[in-house]
Amino acid sequence: LAALGRGLGVCSTPGCRTVLGEPPGTPERPPALTPGQWQLLTELLRHDPATPELGAVLAPEGSTVALGPLLAGIEAGLRSGGFGPPLPTLDLPADPLLAVTIAEALGTSFLLAQGGENNATALGPGGCWDDVDNPQNYTLRGPPSPVPDPVAIGAMDGVVLGTRLAQGPLPVVELLRGYYGTGNGSEAGRPPSSYRRRDFGALVGQGRLEKEVAAVLEVLRMLSPTPELLRDVGTQEVAAVAHRAARDFSDRYVECPAIVPRCLWGARPYRGTPAPLRPPLGSVFLHHTLEPAQPCRTFGACARAMRDMQRFHQDTRGWDDIGYRSLSPPRGDGTCHRPWHPPWGQGAHTKGYNTQGFGVGIVGDFRATLPDPDVLALVRDELLPCAVRSGHVQPDFTLRGHRQLGHTDCPGNALFQEIQSWPGFQ
């Protein structure tokens with residue numbers, strides 16, 4: 001599979017070819033594949049930088065994964081574990097697994113953004129599928145960088161799975177099934193892929209990522225001919241680029257929770273004209289949604305629950321949108337919310353206080369029981385600190401439960417008791 005991918009152009013960059021070798025010739029259809037399967041595989045794996053939406057798949061937990069860095073990480077892991085020809089020892093040194101998954105793409109992207117127009121981006125954007133229930137086509141939601149969200153996700157998965165394969169033999173199909181949730185009981189719990197941010201962060205901290213980006217850029221500099229984007233770039237500038245790349249990547253893809261865009265769960269349009277908010281906001285108000293009381297355990301079920309909630313708030317309550325600014329589904333692997341970026345429309349979560357704070361709803365009924373520990377950790381340790389770092393909430397924000405500001409039992413006795421130990425509670 002890895003050889004097929006490289007024959008179709010998956011590993012076509014200078015750094016990746018330096019690590020994994022020159023790609024084999026154009027492959028022919030393996031006998032085990034039907035013509036239809038072969039056509040699908042070639043469409044998924046053929047690399048074309050001009051069409052970055054291609055080569056991505058929707059994983060069962062709702063993330064979009066680029067196959068290129070995933071397959072490169074799998075091949076690097078297999079060869080590190082003794083399958084296939086050994087990997088070269090790179091100068092400086094550089095880790096081959098990180099070089100082929102994220103380090104080269106990250107360094108290249110930040111160098112290009114640095115030399116481009118003022119609004120050039122080095123990370124993102126995200127995108128959406130054309131149909132929530134029967135996804136066929138993926139479209140990015142803005143001008144692409146060399147590291148759009150699916151590439152970042154595929155690279156993190158490539159590092160996590162490549163590391164596992166380097167430790168010992170394991171059938172790749174078994175590894176993929178278990179990681180992405182097929183047949184691993186994910187109806188009752190989270191598939192391992194939903195922990196990619198945590199697991200990647202544990203394997204590759206920001207400091208190590210910075211060193212690896214700098215190292216792979218120096219490897220590229222020694223190639224003949226030297227890539228154009230490195231020709232007039234000095235060692236200090238490489239170090240500065242690596243620092244920015246590692247910091248920004250960690251902030252966006254490791255330290256902050258995954259954000260599920262509205263188009264992915266099938267949101268209706270916002271109604272009316274948003275009343276603007278002025279971040280950073282000084283307060284956070286915590287809620288529970290009460291319904292659905294039973295946690296959704298699959299991405300499709302959670303998307304349906306979001307649509308039901310929006311329909312109730314718009315059609316029955318008469319609000320412009322879902323009342324909360326942010327919602328944490330009960331699996332704890334992402335948040336769904338109105339856009340971070342201005343112009344913000346105020347929510348309808350805490351009557352009399354909607355202009356003053358950020359309303360966070362946790363999906364479920366928490367009058368007698370607590371959310372899963374993963375959900376609590378997502379809101380307390382990821383979402384709120386991320387909102388502070390990104391300038392949407394003040395560092396000295398005040399946290400309150402809904403019941404403190406109105407006649408309601410929300411966010412439920414059990415959850416209200418829990419949040420009294422959280423930072424900022426008043």
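The values are calculated or read from the model by the stated rules, or taken from the named source; none is laboratory data. Predicted model only: the values in this text are computed from it and were never measured. Here Cβ is always computed from backbone atoms with ideal geometry, including for glycine, and neighbour counts include all displayed protein chains. Just so you know, the surface numbers come from the protein's heavy atoms only, side chains and all, with ligands and any DNA or RNA stripped out. Shrake-Rupley method; radii C 1.70, N 1.55, O 1.52, S 1.80 Å.
So Leu170 fits all but one of (1) without any contact (Cβ under 8 Å) to a residue 40 or more places away in the chain; (2) of a type in the set (A, V, I, L, M, F, W, C); (3) farther than 19 Å from Phe299 by Cα; (4) in a helix (DSSP H, G or I); what number is the exception?
The one condition Leu170 does not meet is (4).
What are the residues in the stretch 388-426 that are more than 13 Å from Phe285 (Cβ to Cβ) and not in a loop (DSSP other than H, G, I, E, B), if any?
Val388, Arg389, Gln394, Pro395, Asp396, Asn413, Ala414, Gln417, Glu418
Let me spell it out: the conditions are (1) acidic (Asp, Glu); (2) within 28 Å of Asn137 (Cβ to Cβ); (3) touching a residue at least 60 places away in the same chain (Cβ under 8 Å), and Glu43 meets all of them except one. Which number is the exception?
Among (1) acidic (Asp, Glu); (2) within 28 Å of Asn137 (Cβ to Cβ); (3) touching a residue at least 60 places away in the same chain (Cβ under 8 Å), the lone unmet condition for Glu43 is (3).
Given (1) touching a strand residue (DSSP E or B) at 6+ places or on another chain (Cβ under 6 Å); (2) part of a loop (DSSP other than H, G, I, E, B); (3) free of Cβ contacts under 8 Å to residues at least 40 places away in the same chain, where does Ala32 come up short, assuming only one miss?
Going through the list (1) touching a strand residue (DSSP E or B) at 6+ places or on another chain (Cβ under 6 Å); (2) part of a loop (DSSP other than H, G, I, E, B); (3) free of Cβ contacts under 8 Å to residues at least 40 places away in the same chain, Ala32 breaks only (1).
Please list, ordered by first then second residue, the pairs with beta carbon atoms under 7 Å, 6 or more apart or interchain, first in the stretch 134-148 and within 27 Å of Gly300 (Cβ to Cβ) and open to solvent by less than 70 Å² (accessible area, probe 1.4 Å), second in a loop (DSSP other than H, G, I, E, B) and acidic (Asp, Glu).
Tyr138/Glu53; Leu140/Glu53
Report whether or not Val57 is outside the structural domain of Arg297 (by the TED database), free of Cβ contacts under 8 Å to residues at least 24 places away in the same chain and closer than 26 Å to Asp251 by Cα.
yes
Residue by residue through the stretch 61-99, note down the ones that are part of a loop (DSSP other than H, G, I, E, B), hydroxyl-bearing (Ser, Thr, Tyr) and open to solvent by 20 Å² or more (accessible area, probe 1.4 Å).
Once the filter is applied, which keeps residues that are part of a loop (DSSP other than H, G, I, E, B), hydroxyl-bearing (Ser, Thr, Tyr) and open to solvent by 20 Å² or more (accessible area, probe 1.4 Å), the stretch 61-99 yields only Thr89.
Of (1) modelled with pLDDT under 90; (2) open to solvent by 70 Å² or more (accessible area, probe 1.4 Å); (3) within 27 Å of the chain's Cα centre (by Cα), His392 satisfies all except one. Which?
Among (1) modelled with pLDDT under 90; (2) open to solvent by 70 Å² or more (accessible area, probe 1.4 Å); (3) within 27 Å of the chain's Cα centre (by Cα), His392 violates only (2).
State all residues of the stretch 1-35 that are more than 20 Å from Leu98 (Cα to Cα), open to solvent by 50 Å² or more (accessible area, probe 1.4 Å) and modelled with pLDDT of 85 or more; if no residue qualifies, say none.
Scanning the stretch 1-35 gives Glu28, Arg29, Pro31, Ala32, Thr34, Pro35.
In the stretch 241-255, what residues are open to solvent by 40 Å² or more (accessible area, probe 1.4 Å) and out of contact with any Lys or Arg (no Cβ under 8 Å at 6 or more places or on another chain)?
Those that are open to solvent by 40 Å² or more (accessible area, probe 1.4 Å) and out of contact with any Lys or Arg (no Cβ under 8 Å at 6 or more places or on another chain): His243, Arg244, Arg247, Asp248, Arg252.
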